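Everything on this sheet refers to the single structure shown next.
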Amino acid sequence: MSYFRFIWKSNSGFTFFSMVFIALFQVMILYLVTTFDTQAMLKSVLEQMPPRLKIFLDDAFFSTLTFDGAAAFGFNHPIVLALLAIVAITIPVKHISREIESGTMELMLSQPFSRKSLVWKLWLSACVILGMIILVASLSSILAVQIFHQLHVDVLIKIIYISLNIFLLFILVMTYTLFAAVSTKGGGFSGSLSAMITLILYLLFFVGKLWDPMEVTLHFNIFNYYQPQNIMLGNGSIFRDTGILTGLTIILLVLSWHRFDRRDIP
Amino acid sequence: MNGKKVIQADQLTKFYGQSRGIDNISFDVEQGEIFGFLGPNGAGKTTTIRILLDLLRPSSGEVRIFDRDVRMNSFGIRQRCGYLPGKFSAYHNLTGNQFLKLVSKIKNIPYQNNAELFRRLELSESDLNKKTKELSHGMLQKIGIIQAMMHQPGLLILDEPTTGLDPLMKEVFYELLLEEQQKGTTIFFSSHNLSEVEKLCTRVAIIRQGKVVGLETTEELKRKAGQMMEFQLDRNHGELEIPGAEATLHRDQLYLFRLTGDIAPVLKRLAELPVKSMSLEKPGLEDIFMNYYKDQKAK
């Protein structure tokens with residue numbers, strides 16, 4: 001059994017659940033859009049909202065409830081984001097913090113297994129797991145578009161961009177959790193810390209969108225660089241978003257290597 | 001043993017913030033030696049071992065294993081080491097077989113080589129196919145022993161290795177260690193069980209409150225500690241003084257002395273007393289250990 005297989009075996013249950021849930025969720029959203037006149041229904045709700053909230057929701061959700069827009073909305077639903085965040089946070093916490101606490105990390109690092117190699121293999125395994133979930137979500141979206149509507153090349157390309165965007169966002173979440181895990185003592189603290197950071201950033205993203213004085217914070221918020229609706233509407237900045245998310249991930253990964261290589265175990 | 005040093009620990013000190021883990025520890029371990037590392041819980045044994053394995057970085061001092069700096073050559077050294085931690089823990093979601101396969105893969109050795117160890121340690125296929133969380137402490141410890149010995153390491157570092165093993169299995173384990181020693185394996189054996197150290201080790205370091213307070217061959221330790229003499233007189237003669245012996249117990253007619261020097265003046269003094277019975281015993285390491293601690297306390 002290789003280390004990759006071990007990581008997969010330890011996380012396969014929740015990974016399968018996430019894959020199935022997100023895939024069905026994507027199909028369900030697209031099915032609802034074809035079955036009901038959701039746009040008209042939601043527009044009437046939107047009319048009741050305060051102007052600032054109306055603009056935001058219109059941008060973020062309702063104006064995209066065209067069929068193609070719904071495919072993007074499926075990638076931006078809080079449930080989907082929460083599931084992916086759980087996977088991204090759980091893997092480093094389980095395989096670094098919990099192992100330091102239980103003593104298995106001590107045993108692993110007494111083997112001919114370098115610390116850098118462990119961090120690298122764990123990071124890569126987590127990327128593969130997140131990639132698989134997002135791949136299934138993308139395929140189910142593409143399939144649902146094809147079944148309930150009609151799949152065009154430009155929609156296909158946009159779904160691929162969105163998938164890449166969400167993949168990079170959650171790789172970043174996983175990498176800062178990894179950094180927290182290698183920097184703190186064993187136990188669940190790194191998981192709580194990372195979940196708290198993710199939640200605060202997510203809330204700040206909405207506050208920044210809704211409240212002018214906080215708009216400046218959007219530049220420092222990772223969720224600002226994840227824009228499925230804009231990509232679907234053709235307004236996305238895919239190169240900027242990819243660059244920033246990838247750059248931050250690389251910096252945090254290098255810092256994690258550095259920190260883990262120098263720390264005491266336990 | 002050929003005098004070649006496998007472990008060279010030089011003035012190791014480790015602080016955890018303000019508190020001291022170990023303080024200025026130095027010792028050498030020769031090739032083919034079973035080296036005992038004795039001390040009570042919290043004395044600094046595990047801290048020292050973790051520094052040997054580059055899991056902890058010393059605040060000062062240096063360790064060389066196989067004549068290479070541990071910090072600089074950690075990976076290569078660990079290829080030649082087997083380690084059994086004091087609190088051995090395996091992945092709960094894996095079976096014994098899966099766990100050992102994972103370790104084999106990391107060590108880059110064929111898994112099939114372990115059949116003899118399974119047989120000697122009485123681990124059946126059904127035991128190995130159980131999840132490690134379902135195994136008893138003793139069974140889990142056997143898995144730990146196998147993962148440490150499976151690749152025929154040049155150095156075995158064992159931290160309280162017999163915890164959880166039944167007396168018969170302990171004997172099997174001692175045999176395995178002596179066989180490894182015959183093959184030239186160096187064994188660093190940390191324990192607070194003095195009788196097993198006495199049984200196996202050629203030299204012993206005694207550690208207390210982070211400092212090595214004694215470093216001797218097992219025989220030298222025993223010799224230094226002298227012999228225990230017990231005699232019974234016809235009645236209680238009160239406190240007695242015997243040259244070359246130190247009173248350790250007096251109850252009614254019964255007297256217990258530790259011989260620290262030549263026995264001739266002791267026998268001469270005893271001849272003057274109405275001795276009804278007398279016996280001489282070599283002290284166990286327990287007694288030696290207690291004496292070391294007593295001496296240190298007195299200092």
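Values for this structure:
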| item | result |
| --- | --- |
| DSSP beta bridges in the protein assembly as shown [antiparallel fraction, %, rounded to 5] | 70 percent |
| Occluded residues from the stretch A:1-21, i.e. those whose accessible area drops by 40 Å² or more once the chain is not alone (1.4 Å probe) | A:M1, A:F6, A:K9 |
| Other-chain or far-sequence residues with amide H under 5 Å of B:G21's (modelled H) | B:K14, B:F15, B:Y16 |
| For the stretch A:88-200, convex hull of alpha carbons as volume per residue, Å³ | 113 Å³ |
| Whole-percent pair-distance distribution, where bins are 5 Å wide, for the alpha carbons of the stretch A:105-170 | 4, 15, 19, 15, 11, 10, 8, 6, 6, 4, 3, 0 |
| Percentage relative contact order, the stretch A:2-262, counting C-alpha pairs under 8 Å, at least six apart | 27 percent |
| Selection of chymotrypsin sites (Phe, Trp or Tyr not before Pro), the stretch A:1-43, meeting DSSP coil and at most 15 other Cβ within 10 Å | A:F36 |
| GluC sites (Glu not before Pro), loop per DSSP, at most 16 other Cβ atoms within 10 Å - longest free stretch of chain B | B:1-121 |
| Lys pairs under 16 Å by Cα in the stretch A:2-262, provided they are eight or more residues apart or on distinct chains | 6 |
| Ratio Rg/Rh [Cα only; Rh per Kirkwood] for the stretch B:194-271 | 1.10 |
| Calculated Rg and Dmax of the stretch B:118-254 using C-alpha coordinates, Å | 21.3, 67 |
| Selection from B:G210, A:H149, B:Q182 lying farthest towards where the dipole of the protein assembly as shown points positive, charges on Cβ | A:H149 |
| Under 26 Å from the Cα of B:K224 - lysines, other chains or at least 8 residues apart | B:K5, B:K45, B:K199, B:K211, B:K268, B:K282, B:K294, B:K297, B:K299 |
| Amide H contacts under 5 Å for B:A245, placed H, 5+ residues apart | B:T260 |
| For B:I207, residues with placed amide H under 5 Å, excluding near neighbours | B:L38, B:G39, B:V213 |
| Difference of contour (0.36 nm per residue) and Cα-Cα distance, B:L256 to B:R235 | 6.1 nm |
| Pairwise label distance in nanometres, A:L203 with B:I263, each label 7 Å out on the Cα-Cβ vector | 8.1 nm |
| Ranking by accessible area, most exposed first, for B:M278, B:M228, A:M108 with a 1.4 Å probe | B:M278, B:M228, A:M108 |
| For chain B, built as a Gaussian network whose Cα springs stay under 10 Å, the top-fluctuating residue of B:V63, B:V266, B:V213 | B:V266 |
| Prolate/oblate/rounded call for the protein assembly as shown, Cα gyration tensor, a/c under 1.5 rounded | prolate |
| Length added when fully stretched, B:F75-B:D166, from 0.36 nm per residue minus Cα-Cα | 29.3 nm |
| Angstrom value of the Kirkwood radius, inverse mean 1/r, which spans all Cα pairs in the stretch B:1-88 | 13.5 Å |
| For chain B, the spread of Cα positions along each principal axis, largest first, Å | 72, 45, 39 |
| Size of charge dipole - the stretch B:8-96 - debye, nearest 20, with Cβ of Lys, Arg +1 and Asp, Glu -1, no other charges | 420 debye |
| At R0 = 35 Å, FRET efficiency that the Cβ-Cβ distance of B:E125 and A:M132 yields, to 0.05 | 0.55 |
| Whole-angstrom gap from the stretch B:226-247 to the stretch A:188-221, using each part's C-alpha centre | 80 Å |
| Per-residue HN-Hα couplings for the stretch A:180-196 [Karplus 6.51, -1.76, 1.60; θ = phi - 60°; Hz; x = Gly/Pro] | 5, 5, 7, 9, 10, 6, x, x, x, 4, 4, x, 4, 4, 5, 4, 5 |
| HN-Hα J in Hz across the stretch B:30-42 - Karplus 6.51, -1.76, 1.60, θ = phi - 60°, x for Gly and Pro | 8, 5, x, 8, 9, 9, x, 10, 9, x, x, 4, x |
| Top of B:Q181, B:Q79, B:Q232 by mean-square fluctuation, Gaussian network on chain B, Cα under 10 Å | B:Q232 |
| With DNA, RNA and ligands ignored, accessible area of A:D264 (1.4 Å probe; Å², nearest 10) | 40 Å² |
| Calculated Rg and Dmax of the stretch A:2-262 using C-alpha coordinates, Å | 19.6, 64 |
| 3J(HN,Hα) from dihedral phi, the stretch A:215-224, Karplus parametrisation 6.51/-1.76/1.60, rounded to Hz, x for glycine, proline | 4, 4, 5, 4, 4, 9, 10, 5, 6, 6 |
| Stretchable slack from A:I251 to A:S192, in nm (0.36 nm times residue separation minus alpha-carbon distance) | 19.1 nm |
| Chain A, helix-only ellipticity at 222 nm - DSSP H runs n ≥ 4, -39,500 (n - 2.57), divided by all residues, nearest 500 | -25500 deg cm²/dmol |
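The values are calculated or read from the model by the stated rules, or taken from the named source; none is laboratory data. Here the structure is a predicted model, which means the values were calculated and not measured. As a convention, Cβ positions derive from the backbone with ideal geometry for all residues, glycine included, and neighbour counts pool all protein chains shown. Heads up: the accessible areas ignore ligands, DNA and RNA and are worked out on the full protein's heavy atoms, side chains in. Shrake-Rupley method; radii C 1.70, N 1.55, O 1.52, S 1.80 Å.
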